[in-house]
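So the structure is just underneath, and the comments pick up after that.
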Amino acid sequence: MRRAIFPGSFDPLTNGHLDVLRRSSPLFDEIIVAVLNNPDKAPMFSVDERIEMIGEIIPTLDGKGCRFIVDSFSGLTAEFAKRMNATAIVRGIRAVSDYEYELRMALMNRKLEPSIETVFFMADEAYSYVSSTLMKQVFLLGGRVDGLIPKSVEERMRSRLPEK
Ligand code: PNS
C-alpha cells in the first residue's frame, strides 16, 4: 500500500491543488489531502468548511485507481504523515520562487522523519501564478477567478462577500 499525504492550508482549494493531486495519483494507492489546522492564522474558511469543500470535489476526480481521502491535522506534518503510515509527502512547485521554501521544508521534514520522502510535482504552467492568497485577494476585490478555482469553491466564496 503506497500512501501519501498532500498537506496544505487549502484556504481555499484551487485548481492548482487539483492539478497536483491528479498528477500525483498514478504514483500512490491512497492520498490523504491533509488540511492544516493552524490557530495562528485567520482563515477565510474554517477547517470543517475546507474539509467539506474538498470532500465534495475529490469524488469528481479520476484518481486512476488512487483513493483520495480528506482529513485535518494539527502540529507537525512529518508526524502526521508517520501516524498515517504514509511514506511520502506530496507538494506542488509552481515556479522557481517556490523552490527555496519547499526545499527547506522537505529537508526539515526529512530530518524529523527520515523514512518519509517529499515528492514534488510541477503544476501545469496555467496555474503557475495561482495561490489561495491571490485568489482570495482578487475575488474579494471583485476580480475574476473563473477557471482558477473549482466552481463550488467560487460559489462558497461568493456567499462570503458582504452585501452590496
Ligand atoms: O498550503 P501551504 O500554506 O503552503 O502549506 C504549508 C504547510 C501546511 C505544508 C506547512 O506550513 C506545514 O507543514 N505546517 C505544519 C507545521 C510543520 O510541520 N512545520 C515544519 C515544516 S518544515
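Structure notes:
- Residues located in region 78-97, provided they are open to solvent by less than 60 Å² (accessible area, probe 1.4 Å), within 9 Å of the ligand (Cβ to nearest atom), assigned to a helix (DSSP H, G or I) and not aromatic (Phe, Trp, Tyr): Ala78
- Single condition Phe120 does not satisfy, out of (1) more than 11 Å from the ligand (Cβ to nearest atom); (2) under 18 Å from Asp19 (Cα atoms); (3) touching a residue at least 60 places away in the same chain (Cβ under 8 Å): (3)
- Among the residues making up region 47-77, those that are of a type in the set (S, T, N, Q) and within 16 Å of the ligand (Cβ to nearest atom) are Ser72, Ser74, Thr77.
- Filtered residues of region 5-44 (kept if in a loop (DSSP other than H, G, I, E, B) and more than 9 Å from the ligand (Cβ to nearest atom)): Pro12, Leu13, Thr14, Phe28, Asp29, Asn37, Pro39, Asp40, Ala42, Pro43, Met44
The values are calculated or read from the model by the stated rules, or taken from the named source; none is laboratory data. No experiment lies behind these values; they were computed from the predicted model shown. As a convention, Cβ positions derive from the backbone with ideal geometry for all residues, glycine included, and neighbour counts pool all protein chains shown. With ligands, DNA and RNA removed, areas are computed over all heavy atoms of the protein, side chains included. Shrake-Rupley method; radii C 1.70, N 1.55, O 1.52, S 1.80 Å.
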